[in-house]
Amino acid sequence: MSNTKISTVLRQLSQAFKAQASTQIFKLGLVSGNQSGDADSIISSITYCFLHFKQSNSISSSNKVLYLPYLNFARSELRLRKDVLHVFQQHEITEDLLMFSDDLDSIISKDERFEDVILVDHNVPQGALANFMTANEGTLQISGIIDHHVDEGQFLNVEPRIIEKSGSCVSLVYQYFKTLETTISKDSQLLNFVINPVLLDTSNMQSRVEQAELDLFQDFQKTFTIISHEADGSSTKKLYESLIAAKNDITGLTFTDLLNKDYKNFSSLHDGTYHFGISSIGVPLEYIMTTYTFEEVTQNVVQFIKDNGIEFLAVMTAFVKPGTEDEFHRQLAFFNLPDKTEGEHIISEIRTPLSLERFEFNSAYLQNTVVIGDTWNDVSTKENVLLFEQHHLASSRKQVAPLLREKVCSSK
Ligand SMILES: [Mn+2]
């Protein structure tokens, strides 16, 4: 297999889909990333489409399906994901080569060639895609899954159906195609692309590393050595740091933008109609409190809760203390918890497993000296906002969400 550029393949896919003449030849499919649309999700989707196209190109098949990358959020929200834009820039990937939730009704519902959906980085349709599939029953079928979240036990007969523990989903996508075509392990451009979410999700191969990441990383290092002849142990450190810097660059973003960057909706296990949301962000609460006023934040949150049809919002922060190599922290904030009793009940249930401690402002979490907005001063007395340090660092949203799903409403 020649090392065709990813953007070239995406362009070919996009042209093939736009060409009406191909109506009889191709079926079309989507490879959907999850609702939060982080780098792992987006790059998994593109990687799947790229490798599937290259692989199916070498097989003569009349029943060919062309898979297009579908990102399960609005096109206008891509600008919030600066780490992804950073990677896109290096690989000359532009947003016109991708489909977004805006395209579901305007394009996909009107084009009969669309049949299949492969889910990557989740295993049950979410958000806009789930709503579309419910409203247009029978239009799209789930035909494959590659994921690293908890298996929700649906679509048991699809192929592939790979749901495994791994640091990032993209390494499972890579592994799957590598078992079909081993030469992809020599594609330096591909490896330079897929390494990005792996580094982001494993904190530069420091945590959550599983076999899939080890294999991919080894392939990356091999091709990297071939390219530069200068590779050393720190070769990914600069790359990782530039990704983190891009990811945490919130200049020009409103607080709502920040909430939207990596957001997921959940429902209570006891009552599926009770919804809440969790936004993950990469900067400390201190940063929020020195960037936005209390009024701005609470007003944005009220609107956000309304727009997403949720009862309350949790915000999880995860960051490395500035100026340190690896002093990792997590914080957990609740906005608009249900009435006082229910709120207290939820907190008492999760306090121990997550090792929560009341939040204390820590100026060491800030890179520059900034004046704290007055309005945040007595935040601990405000009933609709609860802030905590989360000392149980191993609990990311993957653990916190199921815990909350189990605990909310369980007192009723
Ligand atoms: Mn993922």
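The values are calculated or read from the model by the stated rules, or taken from the named source; none is laboratory data. Every value quoted in this text rests on a predicted model; they were computed, and no experiment measured them. Quick reminder, even Gly has a Cβ in these numbers, built from the backbone with ideal geometry, and neighbours come from all protein chains shown.
For beta carbons closer than 7 Å, sequence separation of 6+ or different chains, a first residue in the range 202-217 that is on the phi > 0 side of the Ramachandran plot and in the same structural domain as residue 191 (by TED's automatic domain parsing) and a second that is part of a loop (DSSP other than H, G, I, E, B) and not hydrophobic (A, V, I, L, M, F, W, C), the qualifying pairs are 208/167; 208/202. For residue 45, the conditions (1) within 16 Å of the ligand (Cβ to nearest atom); (2) crowded, with 18+ Cβ neighbours inside 10 Å; (3) over 30 Å from residue 183 (Cα atoms) are fulfilled apart from (3).
Going residue by residue through the range 221-238, is there one that turns out to be surrounded by 14 or more Cβ atoms within 10 Å (Cβ to Cβ), in a helix (DSSP H, G or I) and aromatic (Phe, Trp, Tyr)? Yes, some residue in the range 221-238 is surrounded by 14 or more Cβ atoms within 10 Å (Cβ to Cβ), in a helix (DSSP H, G or I) and aromatic (Phe, Trp, Tyr). Could you please find all residues in the range 379-406 being among the small types (Gly, Ala, Ser) and in a helix (DSSP H, G or I)? 380, 401, listed by residue number.
Among the residues of the range 162-196, the ones that are away from the ligand (no atom under 15 Å from the Cβ) and over 15 Å from residue 46 (Cβ atoms) come to 9 in all. From the list 248, 300, 265, the one residue that fits, being at pLDDT below 85 and closer than 25 Å to residue 127 by Cβ, is 248. Can you name every residue in the range 250-307 that is outside any helix (DSSP H, G or I), in contact (Cβ under 8 Å) with a residue 12 or more places away in the chain and under 18 Å from residue 76 (Cβ atoms)? Residues satisfying the conditions are 250, 253, 254, 262, 263, 279. Only a single criterion out of (1) away from the ligand (no atom under 16 Å from the Cβ); (2) over 14 Å from the mean Cα position of the chain (by Cα) is not satisfied by residue 82, namely (2). Filtered by the rule that a residue be within 19 Å of residue 210 (Cα to Cα), more than 13 Å from the ligand (Cβ to nearest atom) and surrounded by 15 or more Cβ atoms within 10 Å (Cβ to Cβ), the range 146-161 gives a lone residue, 161. May I ask you to list the residues in the range 340-369 that are farther than 22 Å from residue 248 by Cβ, modelled with pLDDT under 85 and polar (S, T, N, Q)? Passing the criteria: only 341.
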